[in-house]
Every structure is written in C-alpha cells, then in structure tokens.
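*Asks:* I have a structure here, written as structure tokens, and I will follow up with some questions on it.
Computed from the coordinates by the stated procedures, all read-outs in this text should not be read as laboratory data. Fair warning: this is a prediction, and the values are worked out from it, not measured in the lab. Ideal geometry is used to build each Cβ from the backbone, glycine not excepted, and the neighbour counts take in all protein chains shown.
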Amino acid sequence: MKRFRLVALAVSAALGVFGLASRHAAVAATQTSTFQVQATVVSSCTIATTGINFTNYDPVVANHTTPLDANGTVTVACTSGAATTIGMNQGSNQAATSTAALPKRQMASGATNRVSYDLYQDTLHTTVWGDVGTGAAMTYNSTSMAAQTFNIYGRMVGGQDVATGAYTDTVTATIQF
C-alpha cells in the first residue's frame with residue numbers, strides 16, 4: 001500500500017508542476033486600452049472642358065442680323081460639401097475694354113483680324129461667364145463627388161465686318177474651392 005500511495009503522490013506532484021492538476025483553477029488576467037481613429041476629408045475638385053466650334057460664320061447673309069450660337073461644356077467633380085466658383089477668363093485675345101467681370105472676348109486670325117464672341121451660363125445668353133473672383137462666375141455647391149456638367153453657351157453677334165479666315169481663341173476655365 002505504501003508503494004501505491006507513493007506513486008499516487010508522485011503523479012499528483014508531476015501534474016501540479018505542469019499545471020494539469022490543481023485544486024484552484026488559474027484565472028487569466030486581461031487589460032484593455034482604447035485608441036482614436038481619425039481622418040480629415042479635404043476639399044478637392046477636377047475640371048475638364050469641351051471646346052466650342054462655331055463652324056462657318058457668314059456676316060453677309062446667314063449671320064447678317066442673326067447671331068451664330070455654339071455650345072461647349074465644363075465638367076467638374078468635387079468632394080461632397082465643397083463650395084466652389086467656376087469661371088472663364090477673358091481669353092487670349094480680349095478687347096482693350098474687356099474686364100474679368102465683363103469680358104469682351106475675341107478670336108484672332110493673324111496679327112490684326114478679330115471677331116467678337118462671348119460665353120454665357122444660360123440658354124437666353126443673358127449671364128456672361130466671368131472669371132473666378134468676380135460676380136460673373138458661377139457658384140456651385142457639390143452634394144456628391146459625382147461629376148456635374150454645365151453648358152457653355154457661345155454666341156457670335158451677327159453682322160460683324162470681318163475678313164475671311166480661320167479665327168481662334170484660348171479660354172481658361174478655372175474652379176476655385
């Protein structure tokens with residue numbers, strides 16, 4: 001019997017050393033910590049345009065009293081909630097009396113030939129596109145990052161006494177956000 005008791009004590013002691021047998025179960029201790037996750041969403045915009053091609057202007061017959069109209073577009077995509085202003089500068093051939101708020105745009109053919117035109121925000125041709133920073137620019141408040149396209153309504157007044165030739169101008173569209 002002594003031998004059996006001695007073996008039982010030895011087995012019990014061995015199990016206790018390995019943590020397999022214990023009268024009191026060990027409880028694991030834990031601690032926690034919290035942390036913040038942060039990001040700042042910045043205002044961001046893109047802008048793209050399609051040009052305006054008036055094609056053929058005939059100041060003697062077809063456009064003697066009738067203006068020639070053509071359209072282009074400006075497409076913007078901005079961060080939701082961005083308050084923006086979209087403007088068109090005076091172009092590279094503006095008249096001497098042209099201002100950013102009231103542009104008098106011209107296309108040029110060579111060094112001296114000019115033909116007048118303008119760009120409007122509306123189909124009735126009453127609101128001229130002016131440059132950013134003027135009251136004649138368009139305001140746009142983005143409600144999503146989806147692209148938004150706006151028409152640019154171009155108009156050449158009829159009856160301009162101009163020489164034949166190919167006329168061009170370069171206008172810069174800007175979005176301020």
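*Asks:* If I filter segment 47-58 down to residues being part of a loop (DSSP other than H, G, I, E, B), on the phi < 0 side of the Ramachandran plot and out of contact with any Gly (no Cβ under 6 Å at 6 or more places or on another chain), which single residue comes out as surrounded by the most Cβ atoms within 10 Å (Cβ to Cβ)?
*Replies:* So the first thing to find is which residues in segment 47-58 are part of a loop (DSSP other than H, G, I, E, B), and the list is 51-58.
Still in the list and also on the phi < 0 side of the Ramachandran plot: 51-54, 56-58.
With out of contact with any Gly (no Cβ under 6 Å at 6 or more places or on another chain) added as a condition, the list becomes 53-54, 56-58.
Details: N53: 9, F54: 16, N56: 7, Y57: 19, D58: 11.
My answer is Y57.
*Asks:* Here is a list: T112, T139, T99, T65. Which entry is of a type outside the set (G, A, S) and farther than 24 Å from Y167 by Cα? I'd like the intermediate steps shown before the answer.
*Replies:* Working: T112 fails: farther than 24 Å from Y167 by Cα; T99 fails: farther than 24 Å from Y167 by Cα; T65 fails: farther than 24 Å from Y167 by Cα.
Among T112, T139, T99, T65, only T139 is of a type outside the set (G, A, S) and farther than 24 Å from Y167 by Cα.
*Asks:* Taking segment 51-78, which residues are free of Cβ contacts under 8 Å to residues at least 24 places away in the same chain and under 27 Å from the mean Cα position of the chain (by Cα)?
*Replies:* Let us first name the residues in segment 51-78 that are free of Cβ contacts under 8 Å to residues at least 24 places away in the same chain, namely 51, 53, 55-56, 58, 60-62.
Passing the criteria: G51, N53.
*Asks:* Before we move on, is G158 on the phi > 0 side of the Ramachandran plot and surrounded by fewer than 16 Cβ atoms within 10 Å (Cβ to Cβ)? Talk me through it step by step, then tell me what you get.
*Replies:* Numbers: on the phi > 0 side of the Ramachandran plot: no; surrounded by fewer than 16 Cβ atoms within 10 Å (Cβ to Cβ): yes.
No: the conditions fail for G158.
*Asks:* Sticking with this one: I'd like the full set of residues that are surrounded by 15 or more Cβ atoms within 10 Å (Cβ to Cβ), of a type in the set (G, A, S), touching a residue at least 12 places away in the same chain (Cβ under 8 Å) and within 26 Å of G158 (Cβ to Cβ), limited to segment 79-100. Before you say what the answer is, go through the steps one by one.
*Replies:* Initially, segment 79-100 is screened for residues surrounded by 15 or more Cβ atoms within 10 Å (Cβ to Cβ), giving 79, 82, 84-91, 93-94, 98, 100.
After this cut, where a residue has to be of a type in the set (G, A, S) as well, the list is 82, 87, 91, 98, 100.
Of the ones still in play, those that are also touching a residue at least 12 places away in the same chain (Cβ under 8 Å) are 82, 87, 91, 100.
The one that is surrounded by 15 or more Cβ atoms within 10 Å (Cβ to Cβ), of a type in the set (G, A, S), touching a residue at least 12 places away in the same chain (Cβ under 8 Å) and within 26 Å of G158 (Cβ to Cβ): G91.
*Asks:* For segment 95-131, enumerate the residues that are under 19 Å from N53 (Cα atoms) and of a type in the set (D, E, K, R).
*Replies:* K104, R105, R114, D118, D122
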